[in-house]
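Chemist: Supplied in structure tokens, the structure appears directly below.
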Amino acid sequence: MRSPLFVIAPPRSYTSVIGGMLGQHPETYGLPEVNLSHGDTLGDMWDSIPVGINFATSGLLRLLAQLHEGEQTEEAVIRARQWILRRGHWTGAKVFAHIQEAVGLDRMLVEKSPRNIMALENLQRLHTMFPQASFLHLTRHPITQGRSMIDLMDSYGEDVEQMDPERNWLRAQTNILAFAHELDPGQYMRIKGETLLKDPKFYLAQICEWLDIDRSPEAIEAMLHPETSVYAGIGPDSAPFGNDPNFLLEPTLDFDRLARIKEPPLDAEIPWKPEAELMAPVRRMARQFGYA
């Protein structure tokens, strides 16, 4: 059985599109966001999610519906929810094992739940479950990531007045870097999401080499079509998401748009705090990641 690949990054850091690409490799299976690190048991994870927040539950429901019944209808999702509620005592490792068996032992699972990085212990749980797993750290410029996060929350009517995007970015990246120090050489790779998306063929081949999976032109071509995933679209009403909503609405890659991705200077004015710049610790860490 192959150890999984976890794509780790704050929300709005290209994880849906890049995770979707990696999940379409012939030797992998791209999962929607399953959030199984957010507690020691399935029940712990499920209970940690506020009632009605289907951003965090949709992925696992859609996945189980698809694996159990080959479809993601409302009825299949209802049965997937019942399956979860009957197995609250299962550990995350046991749920992952169930998923792996359904997918096939020869396929590498690719998982990218942003909730994985919200606490260092979440990442450590993943490592305990899978000591040989690979972890791909995606970075995104703190200004564009913060602006994207605010825009998404605002579009769904969330109160953004109390949001502090740069502190959230810094906390998430600090968790990831602390975790990376616990890994063996070769388990961790970091890349700027902007860089990968501007030249996906080149950098996807590098990632395949790191993972020791096929990097033939045919394999790379398959990865350029995340829209072919059974999870690349809006799901049924009770489980509509499982990935970034914008990606689910338009999962086909627009290579011209990707080539025009901009990285603002780190001393630019931040849009959520007029006439202010990023905090010094954020700028320092962003420079460490290759932003200027």
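The values are calculated or read from the model by the stated rules, or taken from the named source; none is laboratory data. Keep in mind that this is a model prediction, so the values were computed, not measured. No Cβ is skipped: glycine too gets one built from the backbone with ideal geometry, and neighbour counts run over all protein chains shown.
Chemist: Can you pull out every residue in region 93-118 that is surrounded by fewer than 15 Cβ atoms within 10 Å (Cβ to Cβ), among the hydrophobic types (A, V, I, L, M, F, W, C) and assigned to a loop (DSSP other than H, G, I, E, B)?
Modeler: Within region 93-118, LEU105 is the sole residue that qualifies.
Chemist: Checking the conditions here, which among GLN124, GLN145 is assigned to a helix (DSSP H, G or I) and buried (at least 16 other Cβ atoms within 10 Å of the Cβ)?
Modeler: One residue alone meets the criteria, GLN145.
Chemist: Select, from ASP256, ASP244, the only residue that is crowded, with 16+ Cβ neighbours inside 10 Å and among the acidic types (Asp, Glu).
Modeler: Selected residue: ASP244, the only one of ASP256, ASP244 that is crowded, with 16+ Cβ neighbours inside 10 Å and among the acidic types (Asp, Glu).
Chemist: I need the helices (runs of 4 or more DSSP H) fully contained in region 190-277, keeping only those with at least 3 residues that are in contact with a strand residue (DSSP E or B) (Cβ under 7 Å, 6 or more places away or on another chain), in contact (Cβ under 8 Å) with a residue 24 or more places away in the chain and of a type in the set (Phe, Trp, Tyr).
Modeler: Filter on region 190-277 gives an empty set.
Chemist: Quick check on my filter: what residues within region 86-108 are closer than 17 Å to HIS127 by Cβ, touching a Leu at 6+ places or on another chain (Cβ under 7 Å) and among the β-branched types (Val, Ile, Thr)?
Modeler: The one that is closer than 17 Å to HIS127 by Cβ, touching a Leu at 6+ places or on another chain (Cβ under 7 Å) and among the β-branched types (Val, Ile, Thr): VAL95.
Chemist: Okay, moving on. Just need a number here: residues in region 31-40 that are surrounded by 24 or more Cβ atoms within 10 Å (Cβ to Cβ) and more than 10 Å from the chain's Cα centre (by Cα).
Modeler: 2
Conditions tested, residue by residue: (1) modelled with pLDDT under 95; (2) basic (Lys, Arg); (3) farther than 30 Å from LYS201 by Cβ; (4) surrounded by fewer than 23 Cβ atoms within 10 Å (Cβ to Cβ).
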| site | (1), (2), (3), (4) |
| --- | --- |
| ARG12 | yes, yes, no, no |
| GLU27 | no, no, no, yes |
| ASP44 | yes, no, yes, yes |
| ILE49 | yes, no, yes, yes |
| LEU60 | no, no, yes, no |
| LEU63 | no, no, no, no |
| GLN82 | no, no, yes, yes |
| ARG86 | no, yes, yes, yes |
| THR91 | no, no, yes, yes |
